[in-house]
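Here's the structure, in C-alpha cells; my notes come after.
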Amino acid sequence: MSDPILEVRNLKKYFKTSRGMLHAVDDISFTIERGKTLGLVGESGCGKSTTGRAILRLIEPTSGEVIFEGVDICKLSGEQMRKKRKDMQIIFQDPFSSLDPKKTVNQIIAEPIRENRIIRDKHKREDRVLELMETVGLAERLINTYPHELDGGRRQRIGIARALAMEPKIIICDEPVSALDVSIQAQILNLLKELQESMGLTYIFITHDLAAVNHFSDDITVMYLGKIVEKAPVEDLFTNPIHPYTRALLSAIPVPDLSEKRRRISLKGEITSPVNLPDECRFAPRCYECIDRCRQGIPPLVEVAPNHFVSCFVHS
Amino acid sequence: MTTYTQVQKQQRATKRYKKRSSFEEIWRQLRRNKGAILGMILVAVIVIIALISPLIYDYQKDIAGQNIKQRLQKPSAEHWFGTDELGRDIFARVLYGARYSLAVGVVAVLVALVIGVTLGASAGYIGGTFENIVMRVTDIFLAIPSVLMAIAVVSALGKSTLNLMLAVGLASTAPFVRVVRASVLVVKDEEYIEAARAIGMRPWKIILVHILPNCVSQIIVQATLRVASAIISAAQLSFLGLGVPAPAPEWGSMLSSGRQYIRDHSYMTLFPGLAIMVTVLSLNLFGDGLRDALDPKLKR
Amino acid sequence: MTKNNNGLILEVNNLVVRYETMDGIVRAVNGIDLKLGYKRTLGLVGETGAGKTTTALALLRLVPDPPGIVECEKLEIDGENILTFDSDKLDQIRGKDISMIFQDPMTALNPVYTVGEQIAESIELHEHVSKTEALKRAGDMLELVGIPRSRANDYPHQFSGGMKQRVVIAIALACNPQLLLADEPTTALDVTIQAQVLELMHELKEKYNTSMIMITHDLGIVAEICDEVAVMYAGRIVEEGTLEKVFNHTKHPYTEGLFNSLPNVKDRKAKLKPIKGLMPDPMDLPPGCAFAPRCDYATEACTQKVPTLTSIDEAHRVACIRYDEPDFHIERRILS
C-alpha cells in the first residue's frame, strides 16, 4: 500500500559566505506518498524554501539523494533533468515577481507547453490554455491581459495554471497563499485541494502558517535552522506536539476565538545565524527545556510513536 | 450577475481579445515632458534631412564640387551659411553631413550594442569567474579615454568611414556591458526566471525570452544617449583627420578645415559646430525623457 | 482631564479621503466615524485596499496632498480639534501625543544613525531636553522594549527584524503618547517573534495607559489584544462593536466571510468557505452596499442604497439593511 513518489535522503545544501559555511539545509530525509501532501513548516531562515528548490535542482544540492519514482534525479544529466521537469513543478510565493511582466496570460501559460513541444499547433495550444484557465477559475476574457492588470489572487491562479500545464505528478507549493488577502487565501487553498483530488497530485506545501498547513497536509515536517526537529502525521502533530519548538510554534498562532485562553510558551531571543553553527542542538539557545546534554551534540531523529519522529534529547 | 454573463457572452462571440500594448503608456508619460518632445521633433527633423539630402543635392556637383571663384563668401541670400575655402556651399554641406554623423553614430552604437549586450547579459546570468573576467576587462576599457581608444583602433585598421564606425563602436562598448549586466542582475533574481528554469528552458533562451525584454528599456535609453556621444567621438576623430576622408562633408572635418580661417570667417566653424551641438542636445533631451518615461519607479 | 472631550481620546466624524489621480478618483475612505475611549484598543480590520492605512494617515494628517484630499466634519484628539492646526502645531503633536508604528521595520529606521540617536531625536524634539539627557532616556526606552542599553550605539542593520520592530516601538513610545496607531506592526515578522512583540505592546500599553488603534488583517491578533473592533470594507465601516459582540454575535455578512475563510486549527476536515469574487475597485465602487456583489444574502434592495451604520445595541453597530429581518441570520462557523 505504501507507494512513495519522492524520497529525500540526507539532503544538504551549504552556501559559502564570507563569514564561513552557511548550513541552509543540513542533512534532512523524508518520504512522500503518491497523492498526499507533505507540509514543510518553519520560520524564515529555517531552510524550507531552499529544500524545495534543491529537490527541483533549481539550486544544486551540496550532497544527498532525491529519488523521484525510483530515479535519483541528482545524478541526471542536464538534458535528462530537463525532461524530468515535466513531472515536477513549483508554485511561488510572490504572485508579483513570479510572472514575467512583459508576457500576456496566454504566453505565460503556454510557455511550458511550447517549450517542451507538447502541443505544436498554435490554435490547439490556445485551446489548451483556455482549458487550463477554466480549470483554475480564470475568466476566458483575461487571456490577453498582462499580469500587472490583475490582482494577486488571479495572478496566483496564473502561476498555478502554468504549473499544471505539463500535467506534473508533484508540485512544490512555496508559500502559495501568504502574500494574499484572507478571503482570497481560502479561494486558492480550496482550488489547490480540488486540483489534488481531481488530478491525483502530490504536494509539498512549504509554509510558515501552521493553520493553513493543518488544513491542507497529511504529514508535517517541522524545520529549524536547516534540521528537521519533528515529523509526524498531521493529527498527531497537532494533538500531541513533542518538540519544544513545535509546541512554542503552535502556541504562538493567534486564534480568532474568544472562548479559548491558551497558555502561550514564549521563546527567548531569535533564530541564530546559520553560519558556523556549534555542534549542539540547533534549538538549544532558545529552548526553555534545555539540559546539559543538548549542548553536547546534535540530537538524532528518533521514532517516539508510530511514524512520529522527534529530534530532541529531552523527549526521546 | 446577469449583466456580467451577458458581457461574457458578447466577448465570446467576438472571440478576439485585443492585446494592449505598453507603448501607449510610455507615450503618455513622454508627452508630459516638453524637453523630450522638443528633442524628439529635432531628432526626427535631422533624420529626415539625412534621408532626403541626396534627393536635393548632387554629391559630385553640390557637395564635393569646387568653385574657387566663390570661395570664402559670407552668409548671404544665395549661400545661407556662406561658402568654404574651396567655394562649396556650407549650408548644403551641413545638411548633407547629417548623413555621416547619424550613420556613424547609429552603426557605432549598434556595434557597441551587440557586443555589449552579449557580454553583459552572459556575464550577469552566468556569474562566477566568467563575470569577473568580463567585468575587469570592461573596467580597463573604461579607464582608457574613449577618443584615445578610437584613435588606436583607427590607426591600427586604417582610415575609412567603416573603420571609424568600428572604432567608435568598440570605444563605447564598455558602458553597455555595465548597464546590461546591472539590469540582468536585478531581473535574474525574479521568481519568473526560476519558473522558466523549472519548466526546463535552456539558459540562452531564458536570457533571450525573459531577461532581455525586461532590460530593454534601460538598453534603449542607454543607446539613445550613446548615439549622441558617438557622434561627438566621430567628430573629434574627423577633426583630428582620422575620420571620414575628405571631401565628405563630415561636421568634424568641416570644423577642422574651418579652423585656419576662424579669425576672419568664423561662420565656417560656427555652423558645423552648431549642427553637432543641436544633434547631440536633441538626442540627450530625448534620451533623458525616455529614461523618465520608462522608469518603473515613476509609474504607479 | 479638564478638556471637554466626553472621555474620548479620539473622535472622528465623517472622514472622507480620496485620491484624485490622472486615471480617476480613488475613493479610499468614504465617511467613517470613530470614537475611542482612554486606555482602549480598537482593532481596525480589513483586507488590502479597505482603507485602513489611509484612515490612520488621515488621523495624523499625513495623507499626501496632492493627490490626496481629506474631508472631515470633526477630528479631535484628546478634545483638541486638530483640523485647525497649522503644520508647526501638527509637528508638535505628532510623535508626542499621537504616534505611529509602521508595518515594515526594515524601512522605518534610518540606516545612517544609531538606534539610540533615533530614539533620542524624538525625545529631544518634543521634551526640549539636552542631548545627553535624551540619549539616557533612549537607553531607558531600549531596556523597556527588552533590548540591552549597551546596544544603543548600534546601527539598524546590526539588528534582526524583530529587534528592529522593538526599536520602532521604542521610538513610538518615547514621548509617552496618548494615542498609538499601529499599522500591521507584526505582519513582517515570524510567528514566534510576532508573539513576543504583541506581548510587549500589550504590556507597555497597560503600563503607560496608552490608547491604541491596531490596524491588522489578522483576526487572531485582534482577539488577542483589542477591546473593540471595527471591520472596514471598501472605505466604510461595515460592523463595529466590542470584541465580544463582533466575534461571538457577528452580524455583517462580510465579517462572517472573513471568519469562515480562515483555516480552523481545531477542525481540519472543515472545508474553507471563501468569500466569492474580489474586492471592488476603489475607482469604481458599486452602487449601494459595496459588498453586495460578493454577498450571499444580497437582495435587490442592497444594490440601491448605501446602508448606514445602525446600532443593534449600545455596544454593537452594523451597516447592513437586512440584519433585523426575522429570517436573516448569519451562518457563522463555530470555532471551538
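The table that follows gives values for the structure above.
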| quantity | calculated |
| --- | --- |
| Kirkwood Rh and Cα Rg combined as Rg/Rh, the protein assembly as shown | 1.04 |
| Degrees, to the nearest 10: C:115-127 long Cα axis against longest axis of chain C | 90 |
| Amide H contacts of A:Leu99 (H built 1.01 Å from N, under 5 Å, at least 5 apart or other chain) | B:Tyr192 |
| Net charge of neighbours whose Cβ lies under 12 Å from the Cβ of A:Val71, counting Lys and Arg as +1 and Asp and Glu as -1 | -2 |
| Degrees separating the helix C:131-144 axis from the principal Cα axis of chain C, which is the longest one | 50 |
| For segment B:107-263, Kirkwood radius (reciprocal of mean inverse C-alpha pair distance, Å) | 16.9 |
| Rg/Rh ratio calculated on Cα atoms of segment C:233-324 (Kirkwood radius) | 0.98 |
| Estimated 222 nm signal from helices in the protein assembly as shown, with DSSP H stretches of n ≥ 4 weighted -39500 (n - 2.57), rounded to 500 | -13500 deg cm²/dmol |
| Separation between Cα centres of segment A:257-299 and segment B:238-299, rounded to whole Å | 70 |
| Positive minus negative residues near C:Leu10 (Lys, Arg vs Asp, Glu; Cβ under 9 Å) | -2 |
| Cβ neighbours within 10 Å from other chains - mean over C:245-256 | 1 |
| Protection proxy ranking, peptides C:295-307, B:246-258, A:237-249, average beta carbon neighbours within 10 Å, highest first | B:246-258, A:237-249, C:295-307 |
| Total formal charge among the other residues, if their Cβ is under 11 angstrom from that of C:Asn30, Lys/Arg +1 and Asp/Glu -1 | +2 |
| Inter-probe distance in nm under a simple model that places probes 7 Å from Cα toward Cβ, at B:Phe130 and B:Ala77 | 6.8 |
| Listed residues B:Met201, B:Gly35, B:Gln66: farthest to the positive end of the dipole of the protein assembly as shown (Cβ charges) | B:Gln66 |
| Radius, Kirkwood style, for segment B:135-222 when every pair of distinct Cα atoms is counted (Å) | 15.0 |
| Quarter of Cα convex hull surface for chain C, i.e. mean projection, nm² | 18.9 |
| Segment A:101-167, Rg to Rh (Cα coordinates; Rh as Kirkwood inverse mean 1/r) | 0.93 |
| Relative frequency of Cα-Cα separations exceeding 16 Å in segment B:43-111, percent | 51 |
| Compactness index (Cα Rg / 2.2 N^0.38 Å), chain B | 1.26 |
| Tail beyond 38 Å, pair distance distribution of chain A (Cα, percent) | 17 |
| Cα-centred dipole magnitude for segment A:50-100, charges only on beta-carbon of K, R (+1) and D, E (-1), debye, nearest 20 | 140 |
| FRET E, pair B:Phe23, B:Leu281, Förster distance 30 Å, beta-carbon r, rounded to 0.05 | 0.75 |
| Calculated FRET efficiency for the pair A:Met81/A:Ile118, C-beta based, R₀ 22 Å, to 0.05 | 0.80 |
| Assigned charges on the beta-carbon of Lys, Arg, Asp, Glu; the protein assembly as shown dipole about Cα centre (debye) | 3360 |
| Hydrodynamic radius of segment C:129-181 per Kirkwood, over alpha carbon pairs, in Å | 11.5 |
| Neighbouring partner chain Cβ atoms per residue of B:205-215, average, 10 Å criterion | 2 |
| Top positive-direction residue, dipole computed over chain C with Cβ charges, set C:Val26, C:Ile330, C:Val70 | C:Ile330 |
| 10 Å Cβ neighbours from other chains, averaged over peptide A:93-102 | 5 |
| DSSP H segments from chain B that extend 20 Å or more along their own axis, Cα-based, with Kyte-Doolittle mean of 1.0 or above | B:34-56, B:90-126, B:173-188, B:212-239, B:267-294 |
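Read the figures in this text as sums done on the coordinates, not as results from a lab. Keep in mind that this is a model prediction, so the values were computed, not measured. Positions of Cβ are generated from backbone atoms using ideal geometry, with glycine treated the same way; all protein chains shown enter the neighbour counts.
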